[in-house]
Amino acid sequence: MTNTVPNSYRTGPDERGLFGIYGGRFVAETLMPLILQLEQAYKDAKADPSFQAELDDFLEHYVSRPSPLYFAERLTEHLGGAKIYLKRDELNHTGAHKINNVMGQILLARRMGKKRIIAETGAGQHGVATATACARFGLECIIYMGEVDIARQMPNVFRMKLLGATVVPAKSGSRTLKDALNEALRDWVANVEDTFYCIGTVAGPAPYPEMVRDFQSVIGRETREQMLKREGRLPDSLVAAIGGGSNAMGLFHPFLDDKDVKIIGVEAAGYGLKKKHAASIAGGKPGILHGNRTYLLMDDDGQITEGHSISAGLDYPGIGPEHAWLHDMKRVEYVSATDKEALEAFQLCCKLEGIIPALEPSHALAHVMKIAPKLPKDHLMVMNMCGRGDKDIFTVADILGVKL
Amino acid sequence: MSTRIDRRFAELKAQGRAALVTFVTAGDPDYDTSLKIIKGLPKAGADIIELGVPFTDPMADGPVIQAGGLRALANGQTLKKTLKMVKEFRVSDDATPIVLMGYYNPIYVYGVDRFLVDANKAGADGLIVVDLPPEEDDELCLPSMKAGMNFIRLATPTTDDERAPKVFENTSGFVYYVSVLGITGSKAPDLKSVKANVNRLRKHTALPICVGFGVKTAEQARMITKDADGVVVGSALVSAVANSLNKQGKATAKTPSAVHKLVAEIAKGVRS
């Protein structure tokens with residue numbers, strides 16, 4: 001494989017669903033005809049202006065877009081370096097970026113005449129977003145969630161139920177996000193006729209990585225426009241947290257060909273990269289899982305190992321295939337932050353900005369805290385505040401030794 | 001080039017009966033018991049052995065086969081040990097075909113070229129890799145066929161007449177028709193639809209067609225092999241393993257015989 005610089009980083013995937021060697025369609029034969037059907041339906045929808053118009057209308061009036069690009073003045077003062085902006089996707093309806101993608105996929109499912117929606121969820125944010133959109137359109141909704149995640153994200157489980165969804169515990173394997181994905185795929189294989197699988201991140205078989213990226217790219221497109229308006233130029237750097245990588249890909253993609261924009265993805269280093277973590281790029285190697293080739297955490301026999309992160313949303317042993325490619329091409333720098341660093345960032349953000357961040361973007365913020373002080377004051381940095389932390393207060397209280 | 005699989009189907013055709021294909025997971029519940037199980041399968045009535053290669057995330061398998069794989073992994077089974085098991089089986093049986101069935105990642109991580117050399121050397125005859133559809137043929141299918149290893153394809157109720165030619169373009173040995181939409185061991189096959197689909201697929205391939213997923217009894221095997229060239233039994237055998245274990249989940253003296261008894265029982269359906 002040669003790593004020559006392409007004319008554009010934004011043309012992938014190819015017709016086989018590949019970004020370099022990553023991605024693809026590694027699924028059982030039962031699903032293959034559906035994957036091809038979905039690919040065609042998405043292609044048609046993308047080319048249909050009325051689809052985009054309908055989506056834009058829902059994004060504006062239901063999701064509450066555009067989300068603000070907020071200058072974090074006190075955080076900037078405190079760190080004493082780069083000028084820090086937060087892209088406020090935590091202000092979306094349902095409290096995270098997940099709904100951007102869900103609205104797109106649910107409108108597509110409606111277009112395809114599918115009446116039953118299934119989804120996997122880790123922290124519960126994608127599950128809540130999917131349950132929300134299903135309630136809005138009167139669709140049956142089944143959410144697969146690992147038993148362990150159900151226990152640590154009870155508020156989101158209750159939200160999904162209030163919204164009319166059925167939450168099915170994934171009881172196999174490590175009983176977290178990867179197992180929820182396995183169960184959702186098993187459901188899909190058994191219910192191919194009427195079911196639409198709404199994947200929550202930029203992973204899975206083609207066309208999901210591309211489709212989810214496209215729906216999330218609204219984050220980056222808005223950021224570009226807002227920054228040009230506020231500062232008259234593009235940002236110097238972008239920072240986002242990565243589990244599967246959908247909020248990051250959404251922010252990054254519109255900037256990939258602006259070579260002066262430095263782009264940084266922050267993986268979850270859990271207890272530390274030498275201990276248990278969920279940093280697939282830092283600690284994994286290429287393999288095949290959940291329909292695509294990408295960096296995975298596994299042992300020497302190719303068995304998938306369990307990741308760990310304080311954040312249930314980052315606790316996935318893989319990463320979207322486009323990130324794997326951008327890493328190999330060295331267009332995006334992938335770093336990591338530990339549970340402890342994320343927790344410090346979480347608390348700092350609460351105190352300085354009056355924003356309770358989710359534990360996922362707290363990882364991105366932890367990295368901002370590391371690099372911003374060393375950068376000049378005219379360096380414009382954008383961090384994706386991709387979710388709010390209400391769901392995490394129980395986890396945080398527990399770690400801080402506070403009884404609620 | 002004729003393989004053990006080709007020769008086995010030719011023999012059965014001469015005898016005028018269909019094949020019983022038995023699936024067990026390699027290393028379930030432990031290496032030694034598993035080897036005893038597979039060594040006794042031909043005598044019990046198995047014509048072809050499908051040996052499951054355990055994987056942590058078997059997305060097309062139901063709870064029974066998932067559990068079998070996890071038992072094997074917990075007792076240290078690896079792809080390398082599975083190949084060793086095939087080699088040990090071959091010492092006493094050079095005729096019964098062995099098909100390795102599993103998911104791509106362990107093979108990919110082992111290295112495709114190295115794997116094909118080692119699998120051939122061990123005496124494996126074919127591969128079924130669930131997450132490699134024809135769209136990914138250059139990953140493993142084409143290199144396998146070049147190495148003289150049969151690459152057996154899964155056809156499903158969603159494999160319609162339009163798609164069938166693509167599915168059968170690069171394949172050999174036999175065709176594994178998955179009789180239900182869903183995961184292994186879930187629902188019983190609808191015999192009417194099996195008959196119709198087997199006859200439909202014959203228009204697209206001259207290879208023997210074996211039918212599996214959800215087959216548990218001699219009667220089902222008898223009915224299915226009226227139309228199909230073989231029947232695959234898997235979850236029922238892995239259940240027999242599970243039910244024979246002691247409270248600590250370890251093998252008992254009865255574990256191999258529990259599997260062999262069930263195979264002998266179902267074999268009657270194929271031979272009647």
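The values are calculated or read from the model by the stated rules, or taken from the named source; none is laboratory data. Since the structure is predicted, the reported quantities are computational estimates derived from the model, not experimental observations. Here the Cβ positions follow ideal geometry from the backbone for every residue, glycine too, while neighbour counts run over all protein chains shown. Side chains included, ligands, DNA and RNA excluded: accessible areas come from the protein's heavy atoms. Shrake-Rupley method; radii C 1.70, N 1.55, O 1.52, S 1.80 Å.
Please go through (1) open to solvent by 20 Å² or more (accessible area, probe 1.4 Å); (2) of a type outside the set (A, V, I, L, M, F, W, C); (3) outside any loop (DSSP other than H, G, I, E, B) for B:ASP94 and return the number of the only condition it doesn't satisfy.
Among (1) open to solvent by 20 Å² or more (accessible area, probe 1.4 Å); (2) of a type outside the set (A, V, I, L, M, F, W, C); (3) outside any loop (DSSP other than H, G, I, E, B), the lone unmet condition for B:ASP94 is (3).
Where in the stretch A:246-352 are the strands (runs of 3 or more DSSP E), entirely inside, with at least 3 residues that are away from chain B (no Cβ under 14 Å) and open to solvent by less than 30 Å² (accessible area, probe 1.4 Å)?
Output list reads A:262-268, A:333-337.
Under 23 Å from A:LYS262 (Cβ atoms) and buried (at least 16 other Cβ atoms within 10 Å of the Cβ) - does that describe any residue in the stretch A:385-395?
Scanning the stretch A:385-395 turns up at least one residue that is under 23 Å from A:LYS262 (Cβ atoms) and buried (at least 16 other Cβ atoms within 10 Å of the Cβ).
Under the condition of being touching an Asp or Glu at 6+ places or on another chain (Cβ under 8 Å) and at pLDDT below 95, which residue from the stretch B:182-198 is most open to solvent (accessible area, probe 1.4 Å)?
B:LYS195
Of everything in the stretch A:353-384, what is more than 19 Å from A:GLU90 (Cα to Cα) and either open to solvent by 10 Å² or more (accessible area, probe 1.4 Å) or basic (Lys, Arg) (or both)? Give them in sequence order.
Of everything in the stretch A:353-384, those that are more than 19 Å from A:GLU90 (Cα to Cα) and either open to solvent by 10 Å² or more (accessible area, probe 1.4 Å) or basic (Lys, Arg) (or both) turn out to be A:MET369, A:LYS370, A:ILE371, A:PRO373, A:LYS374, A:LEU375, A:PRO376, A:LYS377, A:ASP378, A:HIS379.
Before we move on, is B:LEU245 over 19 Å from B:ALA46 (Cβ atoms) and modelled with pLDDT of 95 or more?
yes
From the list B:ASP93, B:ASP113, B:ASP131, B:ASP61, exactly one residue is more than 17 Å from the chain's Cα centre (by Cα) and either within 14 Å of chain A (Cβ to nearest Cβ) or within 24 Å of B:ASP30 (Cβ to Cβ) (or both). Which is it?
Result: B:ASP93 is the single residue among B:ASP93, B:ASP113, B:ASP131, B:ASP61 that is more than 17 Å from the chain's Cα centre (by Cα) and either within 14 Å of chain A (Cβ to nearest Cβ) or within 24 Å of B:ASP30 (Cβ to Cβ) (or both).
Applying the selection to the stretch B:64-81, what residues are facing chain A (nearest Cβ under 10 Å) and in a helix (DSSP H, G or I)?
Matches in the stretch B:64-81: B:GLN66, B:ALA67, B:GLY69, B:LEU70, B:LEU73, B:LEU79, B:LYS80, B:LYS81.
Any residue in the stretch A:205-219 that is more than 13 Å from A:PRO13 (Cα to Cα) sitting within a Cβ distance under 8 Å of a residue that is acidic (Asp, Glu) and at pLDDT 95 or above? List the pairs, counting only those 6 or more apart or interchain.
Note: pairs meeting the criteria are A:ILE219/A:ASP89.
If you take the residues of the stretch B:165-181 that are within 14 Å of chain A (Cβ to nearest Cβ) and buried (at least 20 other Cβ atoms within 10 Å of the Cβ), which of them is farthest from B:ILE5 (Cα to Cα)?
Here the answer is B:VAL180.
When only residues in the stretch B:25-71 that are free of Cβ contacts under 8 Å to residues at least 40 places away in the same chain and either buried (at least 24 other Cβ atoms within 10 Å of the Cβ) or in contact with a Phe, Trp or Tyr (Cβ under 6 Å, 6 or more places away or on another chain) (or both) count, which is farthest from A:SER172 (Cα to Cα)?
Across the stretch B:25-71, the extreme among qualifying residues is B:THR56.
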